[in-house]
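The values are calculated or read from the model by the stated rules, or taken from the named source; none is laboratory data. All figures in this text were calculated on a predicted structure; none of them were measured in a lab. No Cβ is skipped: glycine too gets one built from the backbone with ideal geometry, and neighbour counts run over all protein chains shown.
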Amino acid sequence: MPSKVSALDMPDVPMGQLPEHLQMQRTRVVCKADAPIYTEGIQYSGAYASMGIDTSMGINNFCKNFKVEVVRLTKDEIEFDMIGIDASLANAFRRILIAEVPTIAIEKVFVVNNTSVIADEVLSHRLGLIPLDADPRLFEYLSENDIPNERNTIVYKLDVSCKKGSPRVTVKSDQLKWLPNGSELLMSSHENSAKAKNFTSFSCSQESLPEFSRKPLGVKYDDIILAKLGPGQAIELEAHAVKGIGKVHAKWSPVATTWYRMLPEVVLLKEVKGTDAEKLVKKCPVNVFDIEDLGNGDKKAVVSKPRACTLCRECIRGVNEELVELRRVKDHFIFTIESTGGYPPEELFVEAVKVLEEKCDRVISELS
Amino acid sequence: MEHGSVSDLSSSTFSLMDEDHTLANSVRFTLNQDPRVSFCGYSIPHPSDNKVNIRVQTTGDPASDVLKDGLQSLTVMCQHVRSTFNKSVDDFKATKPHESMKIDTP
């Protein structure tokens, strides 16, 4: 009688690594016409322990396999591929970029005069959303009991009016003037006393500080419409900008948005030839497929641009599901960051990773 | 804050204030990669509390030590991500001089 042989010890099962179908489940999301399958991430290192396989990555393995490839880098946008990282970390970076990397934004507005049609609070809100051209790393947070000084506050002035009889005036963000010496408004309780106090206490002009002397702390875009003034209307105000994070208010978010998508993988399961090939090429709205001439007048469909796939699933509708398989690679992320101006996009990502490191350090120090 | 038994240190729940999915999910990942961990999960008990509970059960080692190691390996991973990213950006700027010149023009 032959002794029992485990299915896993059969000669066609690869030793020391997962069988192909399990490896597929672990590393790919397969997008079927109705719904995707294998969407769950299998993180637990002992998930396949019964087969004698340890899927734990280990730091050394991670460092060996992790790769970053920059695809596009412009003044305010970066697209890069992050390969060999788990979705939990990619998502942590994305979440931090949106909500926890600090920027500078207008927080307090002192309205002296506003006779325009736009209400004070609406105008203040608009001012808050203006991206400022200031490096947040050079500033400190202004805590509740702190006195605004040159290290934690930037002051801007807006003083615009429209003369009677002249056409309407559009107020744009370039009319916000930076006040490097701090507030020019006097606190009302001190107005008549000899020691008049204003709303900030700058010990020196921000222009005299070496880090700000090269470039004025202006607004990033000078064509943002703030208000429109009719004849005889005027706005006079002072705006104080401070450092904050997007968790508190979205105006402090350093990104317009940031997102990632998993790398699409388009596989032809069978050879697609002739008119079928032409039909398939025509079906795809983003031209993932292409025709290859086989020489003897025969044509074959090939996958030429899988990265362009938007997962519309047009190619697998109806009869094609056995011809084409749409997959996503679970540990390959196409990451895009759109900066709003406070940081260059490539520095934003580095700042986000630093924030996660700080979070770890905080908890480690609390544990010990 | 750690909640666990005095006699059995191998399983504990850690309550972290002012943290959310960002840290908890990442730490859960690194802990699940650790062979000493038999179970790890996290929950946010109420969405309006800034608090996350991380449950760690190990095969014998003290849960707090294992959590600390998990956080440390997360830090190491972050540092590696940072250096790899910086290197790739520098390489990109070096090989694509035209694009990098565009970066400087306002």
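Values computed for the structure shown
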| read-out | value |
| --- | --- |
| Residues (at the interface with chain B (Cβ under 9 Å from one of its Cβ atoms) and under 13 Å from the mean Cα position of the chain (by Cα)) located in segment A:348-358 | A:F349, A:V350, A:V353 |
| Residues (closer than 17 Å to A:I104 by Cβ and either outside the structural domain of A:S213 (by TED's automatic domain parsing) or of a type in the set (G, A, S) (or both)) located in segment A:117-161 | A:S124, A:G128, A:A134, A:S143 |
| Residue identified as in the same structural domain as A:L158 (by TED's automatic domain parsing), modelled with pLDDT of 90 or more and touching a Ser or Thr at 6+ places or on another chain (Cβ under 7 Å) among A:A239, A:A227 | A:A227 |
| Single residue of segment B:64-91 satisfying the filter (more than 7 Å from chain A (Cβ to nearest Cβ) and surrounded by 18 or more Cβ atoms within 10 Å (Cβ to Cβ)) that is farthest from A:V350 (Cα to Cα) | B:V66 |
| Condition met for A:V101 (under 30 Å from A:I225 (Cβ atoms) and more than 25 Å from the chain's Cα centre (by Cα)) | no |
| Residue count for segment A:209-239, restricted to those that are part of a strand (DSSP E or B) and over 20 Å from A:T153 (Cβ atoms) | 7 |
| Segment B:22-48 residues that are more than 9 Å from chain A (Cβ to nearest Cβ), paired with ones that are part of a loop (DSSP other than H, G, I, E, B) and not polar (S, T, N, Q) (beta carbon under 7 Å, 6 or more apart) | B:R36/B:D61; B:I44/B:D20 |
| Test: residue in segment A:299-322 that is over 32 Å from the mean Cα position of the chain (by Cα) and either surrounded by 21 or more Cβ atoms within 10 Å (Cβ to Cβ) or assigned to a loop (DSSP other than H, G, I, E, B) (or both) | yes |
| Filter pass, A:E265 being over 30 Å from B:L16 (Cβ atoms), modelled with pLDDT of 90 or more, under 26 Å from the mean Cα position of the chain (by Cα) and not in a loop (DSSP other than H, G, I, E, B) | yes |
| Selected residue (criterion: nearest to the chain's Cα centre (by Cα)) from residues of segment A:244-259 that are in a strand (DSSP E or B) and of a type in the set (S, T, N, Q) | A:T258 |
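Residue-wise test of (1) part of a strand (DSSP E or B); (2) surrounded by fewer than 19 Cβ atoms within 10 Å (Cβ to Cβ); (3) in contact with a helix residue (DSSP H, G or I) (Cβ under 6 Å, 6 or more places away or on another chain).
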site	(1), (2), (3)
A:E107	yes, no, no
A:V111	yes, yes, yes
A:E121	no, yes, no
A:R126	no, yes, no
A:L142	no, no, no
A:N145	no, yes, no
A:R151	no, yes, no
A:V155	yes, no, no
A:K164	no, yes, no
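Each row is one residue, and each column tells you yes or no for (1) within 26 Å of A:I118 (Cβ to Cβ); (2) out of contact with any Lys or Arg (no Cβ under 9 Å at 6 or more places or on another chain).
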| residue | (1), (2) |
| --- | --- |
| A:V155 | yes, yes |
| A:T170 | yes, no |
| A:Q175 | yes, yes |
| A:W178 | yes, no |
| A:S188 | yes, yes |
| A:S201 | no, yes |
| A:L237 | yes, no |
